[in-house]
Amino acid sequence: MKRVFSGIQPSGELHLGNLLGALINWERLQDDHDAVYCVVDLHALTLPQAPEVLRQNTINLAQLLMAVGIDPERSILFVQSHVPQHPQLAWLMECTVSYGELSRMTAFKDKSNRDSTKFVSAGLFTYPALQAADILLYDTDVVPVGDDQRQHIEITRDIAERFNSRFGDTFVVPEHRIPPAGARVMDLQHPDRKMSKSEGESPGTIWVLEDEKKIEKKFKRAVTDSDGEVRFDIESKPGVSNLLSILGAATGKSPEALAESYTQYGPLKGDTAEAVIELLRPIQARFAELQADPAETERLLKMGADKAEAIAADVLARAKNNIGLLG
Ligand code: AMP
Ligand code: TRP
């Protein structure tokens with residue numbers, strides 16, 4: 001069976017973009033892949049975090065992943081900092097990727113230039129080396145992510161290929177898997193920007209744990225355009241196309257085909273809100289159950305870390321040996 005690996009940061013709440021761009025696929029891929037999923041708490045440290053908040057976010061995110069359907073008995077679900085091979089391999093990655101390559105990462109440029117980023121850590125810059133370690137430690141074939149992670153998967157492939165050619169066959173070179181619909185969910189108020197974990201009031205972001213009334217209201221107020229025609233055309237109709245993509249991702253249909261069934265914006269907004277609410281309802285209910293027993297979640301995460309470490313230790317030993325470190 002092919003192996004799939006992906007990770008998500010425990011920073012802030014989960015939004016609809018995370019769910020449609022990444023997590024729904026994680027859930028599906030469990031059926032025919034050997035799946036390894038990770039809450040990447042070490043990545044979250046690249047931006048300042050309050051310790052108690054980080055701890056709580058890490059548990060909550062693990063519970064949300066289980067609520068979405070990640071099954072810790074069938075797949076491996078763990079927290080990155082529980083498996084010491086991640087930062088260990090990351091050092092080898094840092095020494096085999098160049099400063100120039102890291103300087104070209106758009107995620108670094110975006111995050112380091114934000115007004116809210118007052119402290120630009122060295123970790124924010126070397127972050128893709130840690131991400132490459134995450135992926136390569138599991139001999140990963142497929143990495144399901146949203147469109148914004150494309151560049152990070154490309155650099156992982158480059159690092160793996162370079163390492164293999166310098167030091168002999170060591171790593172599996174992974175491929176990314178970007179979903180056909182929902183890979184880039186846009187902000188409902190600013191359809192030119194991707195939906196993100198922005199702070200404060202968020203009229204354009206739908207939260208996975210948000211209540212139904214608020215979701216309806218946000219979709220009703222979603223920005224469209226004034227020509228009144230329902231068509232899937234991201235360039236000239238970003239707002240309407242975003243609604244069609246969301247409806248498509250939530251129902252498994254293609255946005256182009258869905259466009260044919262609507263002549264007005266009102267019903268499209270109403271149906272999209274309803275499809276999203278239907279999708280979120282069971283996730284919210286399951287999350288509430290899991291939240292009642294954090295000790296059980298911690299037990300499952302420790303079990304996941306043991307299974308993960310068993311794989312990661314072998315791959316790290318292979319990499320250390322091939323690069324010339326004493327065994
Ligand atoms: P992050 O929230 O940056 O930790 O991202 C977690 C996962 O969600 C990654 O696979 C991202 O590519 C994906 N993701 C984040 N924002 C969006 C979005 N607006 N649309 C689609 N996928 C997204
Ligand atoms: N960089 C990813 C993000 O911000 C999170 C991540 C860390 C990841 N390690 C990973 C994703 C490994 C896929 C595979 O969303």
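The table for this structure:
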{"quantity": "Some residue of the stretch 277-290 being within 29 Å of Phe78 (Cβ to Cβ) and small (Gly, Ala, Ser)", "calculated": "yes"}
{"quantity": "Residue in the stretch 24-41 that is open to solvent by less than 20 Å² (accessible area, probe 1.4 Å), without any contact (Cβ under 8 Å) to a residue 40 or more places away in the chain and within 15 Å of ligand 2 (Cβ to nearest atom) present", "calculated": "no"}
{"quantity": "Residue tally, condition closer than 30 Å to Val240 by Cβ and surrounded by 13 or more Cβ atoms within 10 Å (Cβ to Cβ), over the stretch 263-321", "calculated": "15"}
{"quantity": "Hey, Pro128 more than 21 Å from His43 (Cβ to Cβ), open to solvent by less than 40 Å² (accessible area, probe 1.4 Å) and within 14 Å of ligand 1 (Cβ to nearest atom) or not", "calculated": "no"}
{"quantity": "Identity of the residue in the stretch 175-201, in a loop (DSSP other than H, G, I, E, B) and out of contact with any Ser or Thr (no Cβ under 9 Å at 6 or more places or on another chain), that ends up nearest to Asp139 (Cα to Cα)", "calculated": "Ile178"}
{"quantity": "Residue in the stretch 47-57 that is in contact with a helix residue (DSSP H, G or I) (Cβ under 7 Å, 6 or more places away or on another chain), open to solvent by less than 20 Å² (accessible area, probe 1.4 Å) and either part of a helix (DSSP H, G or I) or of a type outside the set (D, E, K, R) (or both) present", "calculated": "no"}
{"quantity": "Restricting the stretch 1-10 to residues that are open to solvent by 20 Å² or more (accessible area, probe 1.4 Å) and more than 9 Å from ligand 2 (Cβ to nearest atom), the residue that is nearest to Asp187 (Cα to Cα)", "calculated": "Arg3"}
{"quantity": "Number of the exception - Ser202 against (1) out of contact with any Leu (no Cβ under 9 Å at 6 or more places or on another chain); (2) open to solvent by 50 Å² or more (accessible area, probe 1.4 Å)", "calculated": "(2)"}
{"quantity": "Residue match in the stretch 107-119 (condition: closer than 27 Å to Glu161 by Cα and away from ligand 2 (no atom under 12 Å from the Cβ))", "calculated": "yes"}
{"quantity": "Selected residue (only one of Val120, Val97, Val172 is in a loop (DSSP other than H, G, I, E, B), surrounded by 15 or more Cβ atoms within 10 Å (Cβ to Cβ) and touching an Asp or Glu at 6+ places or on another chain (Cβ under 7 Å))", "calculated": "Val172"}
{"quantity": "Elements of type helices (runs of 4 or more DSSP H) in the stretch 252-327, at least 3 residues being out of contact with any strand residue (DSSP E or B) (no Cβ under 7 Å at 6 or more places or on another chain) and within 19 Å of Ile24 (Cα to Cα)", "calculated": "265-291"}
{"quantity": "From Val223, Val240, residue being over 22 Å from Ala67 (Cβ atoms), open to solvent by 50 Å² or more (accessible area, probe 1.4 Å) and either out of contact with any helix residue (DSSP H, G or I) (no Cβ under 8 Å at 6 or more places or on another chain) or of a type in the set (A, V, I, L, M) (or both)", "calculated": "Val223"}
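The values are calculated or read from the model by the stated rules, or taken from the named source; none is laboratory data. Treat the numbers as computed from the prediction; the structure is a model and nothing was measured. Cβ atoms come from the backbone with ideal geometry, glycine included; neighbour counts cover every protein chain shown. Protein only, heavy atoms only, side chains kept; ligands, DNA and RNA dropped before computing areas. Shrake-Rupley method; radii C 1.70, N 1.55, O 1.52, S 1.80 Å.
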